[in-house]
Amino acid sequence: MSIYNKIVKNPIGAALSNHMDNYPTPINLSYLWGFGSIAGIALVVQLFTGIFLAMHYTPEINLAFISVEHIMRDVVGGSGLRYIHANGASMFFIVVYIHMFRGLYYGSYFQPRSELWYSGVVIFLLMMATAFMGYVLPWGQMSFWGATVITNLFSAVPLIGNYIVQILWGGFSVDNPTLNRFFSLHYLMPFVITALVGGHLLLLHKDGSNNPLGIDSTLDKAPFLPYFYAKDVLGICFFALFFSFFVIYVPNYLGHPDNYIEANPMVTPAHIVPEWYFLPFYAILRTIPDKLGGVVLMVLAIVILLFVPNFDLSLTRSSFFKPFHCLIFWFFVSDSILLGWVGQEVVETPFLELSQIITPFYFIYFILIIPFVSCLENHYIDRFNNFNYNYLLYIDMSKVHPF
């Protein structure tokens, strides 16, 4: 008996084989469906590099910045580990954003895949929390002041806001207990995300993958191995080249220069900004001058993704067959990119006014445009179907010849 047959006959091996090589995959999947696998690779890279970095990191405010410099200068391969981990967070978010936009475009949130979409949004929320806590750990200027600004947002919560802030801080300001809390959670959260990713894959394989046409196909499928793994491998290779370019040639390009200065509570940076992948939500936060209103709007900008399956009333999943939605979708993508650009600018004219113009479109797209456009397109689909039915009926009757 071959080694492969022995593995497959094992219960664990049989389960893995069923979910990997024997997994029935729609034959028309494009390379866009490979970003889920790439995201899994990015998560594994972050896990392993984070574990090795934690071996040399010291979560103490007087030593954290120095320990990072020690990793960069004295630890064998330390600078490579640090640059891979720091840039890996950006790569992870790039892949996940493309993965989510693909899901929105092709209607991957429709039944029976709504639970799959919900689990993906939860993973995205945990990713954001993990990335924020990781950004604090180098204890540079932007780390300290970013932690101060973001944690202070919880003080806007009525009645219990200040209590929540003190729990996060572990005292009355961002200090050593805060750094210890964030280090512990940042180390723990990736394992929680990994578990949720496992559940995400189980849900995916329970209902099967969506496809570019958005149709239910039980016949036009092929095993994942050997037909589709090659597509994923090719996508992973291109991702590795893109990732390597940043790590080797421009490792500090996606970071903020102020974060290479040790944290100083007595000196406030001229302009406090988060990492680039938070900028669209940061722009939404600053749209409303009121702190509570800004926080509610920012949280709603993420939570609203959970309700997309309820907003879309379309009879067709894929935007491939929905020209109106296809056009407006690209306006939404452009709006999201523009929010990211505005989020890095100072809060003054004309950037404040621009954010107040483009932020409403973000919410209008989900709450009004998707339901309206789906109902409009459903109307035209019904008319088209009725026309086809009447035409086919006419053709069929014309073949009847009276004797």
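Out of 109, 135, one residue alone is in contact (Cβ under 8 Å) with a residue 40 or more places away in the chain and touching a Ser or Thr at 6+ places or on another chain (Cβ under 9 Å). It is 135.
Would it be correct to say that residue 261 is surrounded by 13 or more Cβ atoms within 10 Å (Cβ to Cβ), touching a residue at least 60 places away in the same chain (Cβ under 8 Å) and either under 30 Å from residue 360 (Cβ atoms) or not polar (S, T, N, Q) (or both)? So residue 261 fits the description; yes. Determine if segment 266-275 includes at least one residue that is surrounded by fewer than 18 Cβ atoms within 10 Å (Cβ to Cβ), more than 19 Å from the chain's Cα centre (by Cα) and part of a helix (DSSP H, G or I). No, every residue in segment 266-275 fails to be surrounded by fewer than 18 Cβ atoms within 10 Å (Cβ to Cβ), more than 19 Å from the chain's Cα centre (by Cα) and part of a helix (DSSP H, G or I).
The residues of segment 308-332 that are of a type in the set (A, V, I, L, M, F, W, C) and either closer than 17 Å to residue 100 by Cα or not assigned by TED's automatic domain parsing to the domain that holds residue 378 (or both), listed by number, are 308, 311, 320, 326, 328, 329, 330, 331, 332. A single member of 318, 355 is closer than 30 Å to residue 159 by Cα, hydroxyl-bearing (Ser, Thr, Tyr) and surrounded by 13 or more Cβ atoms within 10 Å (Cβ to Cβ), and it is 355.
Anything in segment 64-84 that is surrounded by 18 or more Cβ atoms within 10 Å (Cβ to Cβ) and either of a type outside the set (Lys, Arg) or at pLDDT below 95 (or both)? List them, or say none.
Residues satisfying the conditions are 64, 65, 67, 68, 71, 78, 81, 83, 84.
Here's a check for you: in segment 46-63, which residue that is buried (at least 17 other Cβ atoms within 10 Å of the Cβ) and in contact (Cβ under 8 Å) with a residue 60 or more places away in the chain is farthest from the chain's Cα centre (by Cα)? Of everything passing the filter in segment 46-63, 61 is farthest from the chain's Cα centre (by Cα). The criterion of at least 1 residues that are under 23 Å from the mean Cα position of the chain (by Cα) and not assigned by TED's automatic domain parsing to the domain that holds residue 46 is met by the following helices (runs of 4 or more DSSP H) wholly inside segment 106-191: 141-152. Residues that are in a loop (DSSP other than H, G, I, E, B) and farther than 24 Å from residue 280 by Cα within segment 299-320 comprise 313, 314, 315, 316, 317, 318, listed in sequence order.
Is it the case that residue 158 is surrounded by 21 or more Cβ atoms within 10 Å (Cβ to Cβ) and touching a residue at least 40 places away in the same chain (Cβ under 8 Å)? No.
The single condition among (1) crowded, with 19+ Cβ neighbours inside 10 Å; (2) in the same structural domain as residue 126 (by TED's automatic domain parsing) that residue 284 does not satisfy is (2). Set side by side, the residues 116, 137, 203, 153 differ, and just one is farther than 19 Å from residue 86 by Cα and buried (at least 19 other Cβ atoms within 10 Å of the Cβ), which is 116. Tell me whether segment 206-223 contains one or more residues that are part of a helix (DSSP H, G or I), touching a residue at least 12 places away in the same chain (Cβ under 8 Å) and crowded, with 16+ Cβ neighbours inside 10 Å. For segment 206-223, residues part of a helix (DSSP H, G or I), touching a residue at least 12 places away in the same chain (Cβ under 8 Å) and crowded, with 16+ Cβ neighbours inside 10 Å: absent.
In the same structural domain as residue 278 (by TED's automatic domain parsing) and touching a residue at least 12 places away in the same chain (Cβ under 8 Å): is that true of residue 357 in this structure?
no
The test for being of a type in the set (Phe, Trp, Tyr) and surrounded by fewer than 19 Cβ atoms within 10 Å (Cβ to Cβ) does not hold for residue 278.
Residue check: residue 226 meets all listed conditions (1) in contact with a Gly (Cβ under 8 Å, 6 or more places away or on another chain); (2) exposed (fewer than 12 other Cβ atoms within 10 Å of the Cβ) but one, namely (1).
The values are calculated or read from the model by the stated rules, or taken from the named source; none is laboratory data. Bear in mind the structure is a predicted one, so any value in this text is a computation, not a measurement. Glycine also receives a Cβ, built like all others from the backbone with ideal geometry; neighbour counts cover every protein chain displayed.
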